[in-house]
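First the structure, then my questions, so here it is.
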Amino acid sequence: ETQSHYGQVVQFIALRLPPARRPVQTNSSHPRQPTTLILALVAPIKPESFNEFGTPSYTKLGPIEVVDASTIQCVVGRVYDRNRWTIIERDTMIRVFDTVVA
């Protein structure tokens with residue numbers, strides 16, 4: 001089951017990894033070539049409520065976590081209003097405008 005997680009990216013880190021030192025089996029996922037791993041330091045949020053469009057609001061950031069950056073599916077904005085932050089998702093706003101204009 002797919003789950004949505006929200007957080008603030010604090011920093012990206014690129015790690016250049018050397019090739020494996022030992023011979024690698026052909027069915028192994030370990031690369032024989034150097035590879036770069038991109039990690040993201042993320043301060044997660046726990047949504048406290050959701051507005052009528054389904055976008056979350058929160059007041060606090062959690063402790064920083066290290067995340068594989070390739071798992072980040074989209075980047076969104078946020079707006080501070082009435083003592084809390086609300087996530088602004090572009091595709092949500094496009095759906096709202098399409099509904100209003102149609």
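If you take the residues of the range 66-78 that are open to solvent by 70 Å² or more (accessible area, probe 1.4 Å) and at pLDDT 85 or above, which of them is nearest to GLN8 (Cα to Cα)?
For the range 66-78, the residue satisfying everything is VAL66.
Under 9 Å by Cβ, and 6 or more places apart or on different chains, what pairs join a residue from the range 1-22 that is hydroxyl-bearing (Ser, Thr, Tyr) with one that is surrounded by fewer than 12 Cβ atoms within 10 Å (Cβ to Cβ)?
SER4/GLN73
A further question on this structure: Any residue that is in a loop (DSSP other than H, G, I, E, B), modelled with pLDDT under 85 and open to solvent by less than 80 Å² (accessible area, probe 1.4 Å) - is there at least one of those in the range 43-50? Write out each step before concluding.
Restricting attention to the range 43-50, the residues satisfying the condition of being in a loop (DSSP other than H, G, I, E, B) are 46-48.
Adding the requirement that they be modelled with pLDDT under 85 leaves none.
Taking every residue of the range 43-50 in turn, none turns out to be in a loop (DSSP other than H, G, I, E, B), modelled with pLDDT under 85 and open to solvent by less than 80 Å² (accessible area, probe 1.4 Å).
Sticking with this structure for a sec: When you check PRO63 against the structure, is it at pLDDT 90 or above and either part of a loop (DSSP other than H, G, I, E, B) or not basic (Lys, Arg) (or both), yes or no?
yes
Oh, and also: Of the conditions (1) surrounded by fewer than 11 Cβ atoms within 10 Å (Cβ to Cβ); (2) within 24 Å of ILE72 (Cβ to Cβ); (3) at pLDDT below 90, LEU17 clears all except one; give me its number.
Of the numbered conditions (1) surrounded by fewer than 11 Cβ atoms within 10 Å (Cβ to Cβ); (2) within 24 Å of ILE72 (Cβ to Cβ); (3) at pLDDT below 90, the odd one out for LEU17 is (1).
The values are calculated or read from the model by the stated rules, or taken from the named source; none is laboratory data. In this text, all values refer to a predicted model and were calculated from it rather than measured experimentally. Please note: Cβ atoms are built from the backbone with ideal geometry, for glycine as well, and neighbour counts cover all protein chains shown. Only protein heavy atoms, including side chains, enter the accessible area calculation; ligands, DNA and RNA are left aside. Shrake-Rupley method; radii C 1.70, N 1.55, O 1.52, S 1.80 Å.
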